[in-house]
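Peer 1: Structure below; questions to follow.
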Amino acid sequence: MFVFYKMLNNNKNFNNFRRIIAVKRTSLLALMLALLVSLFASDGFSFMLGGKEMVKNGSGNRSRFLFGTLYVATLYVPANLQGKSAKDIIESNDPMSMVLVIESKLITKDRFLEATIEGFNKAASAGYATAKKQAYLDQFKKIELKKGDILTMSYAGGAVATTLKGAESNKTETLGTIAGLDFKKALYAIWLGPSPVQESLKKGLLSGK
C-alpha cells in the first residue's frame, strides 16, 4: 500500500490533478467570500437612521472614459421613499444616506472638491442653491482621500453629517455637520438633480439595485 501511495505521489499526472483540486478549492473559497460580501451589499441590507430603517434605493459607478470606475455610490432611503422620483428624494425631509466608496487612485481631495464645486453650480442652476457650499468644502481641509476610503453623507434631524472611514486606518471620523434642508437638497442634487454628475450614475441610484 505504501509503495502504491508513493508511486501516485511521484506520478506527474497525479500531481497535476492535485494542483487542479487545490486551485478549484481556492476558487471556491473566493466565491464563497464574494457571496458573503454581496449579501451585505444587497437590497436586503438595512440600518437605522433618524429613527427610520434605511433600505438600499440603488447604486452606480462614477466613471470616466479610459480611467474606469472612480467611485461607487449607493443611496439609502426609508421604505416610504424607495422607488420614488429623484425630485421626491431630493426634496424630502426624511433621513437618508449617500455612501461613496473610492475605487481609484485618481480620486484625490483636490479633484473631488473640483467636481463637487461643479456639481453645486449645476444644482444651483437647477434651482437647488445653497449658501453653505463653502462650509461643506472646508470640512475636507485636513484630510486626504485614498482608494478604499468610504465617504458617507447622512441627512437626519435636519442636518447632513459627513463621515470618512479610512481604508488604511479603518477608523471613522466625522468631518462636520451642516444644518438645513436647503443644503441637503443642493448636495443630493449633485447626483440626483436635473444635471447630475453622471446620468448613468443617477439612473443606478434610482434603480433599486
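Only the coordinates and a few stated rules stand behind these numbers; no lab work does. Bear in mind that the values here come from a model prediction, so they are computed numbers and not experimental data. Here the Cβ positions follow ideal geometry from the backbone for every residue, glycine too, while neighbour counts run over all protein chains shown.
Peer 1: Of all residues in the range 105-134 being exposed (fewer than 15 other Cβ atoms within 10 Å of the Cβ) and touching a Phe, Trp or Tyr at 6+ places or on another chain (Cβ under 9 Å), which is farthest from A179 (Cα to Cα)?
Peer 2: Filtering the range 105-134 for residues that are exposed (fewer than 15 other Cβ atoms within 10 Å of the Cβ) and touching a Phe, Trp or Tyr at 6+ places or on another chain (Cβ under 9 Å), the one farthest from A179 (Cα to Cα) comes out as L106.
Peer 1: Within the range 158-181, does at least one residue satisfy the condition of being surrounded by 14 or more Cβ atoms within 10 Å (Cβ to Cβ), assigned to a loop (DSSP other than H, G, I, E, B) and in contact with a helix residue (DSSP H, G or I) (Cβ under 8 Å, 6 or more places away or on another chain)?
Peer 2: no
Peer 1: Within the range 156-206, how many residues turn out to be closer than 21 Å to K52 by Cα, touching a residue at least 24 places away in the same chain (Cβ under 8 Å) and under 15 Å from the mean Cα position of the chain (by Cα)?
Peer 2: Number satisfying all stated conditions: 4.
Peer 1: In the range 122-150, how many residues are closer than 18 Å to M98 by Cα and among the aliphatic types (A, V, I, L, M)?
Peer 2: 4
Peer 1: Okay, moving on. So which pairs qualify, if the first residue must be in the range 70-92 and free of Cβ contacts under 8 Å to residues at least 24 places away in the same chain and under 21 Å from G180 (Cα atoms), the second must be part of a helix (DSSP H, G or I) and not small (G, A, S), the Cβ gap must be under 7 Å, and the two must be at least 6 apart or on different chains?
Peer 2: Correct list of pairs: V77/I89; D88/L81; S92/L81.
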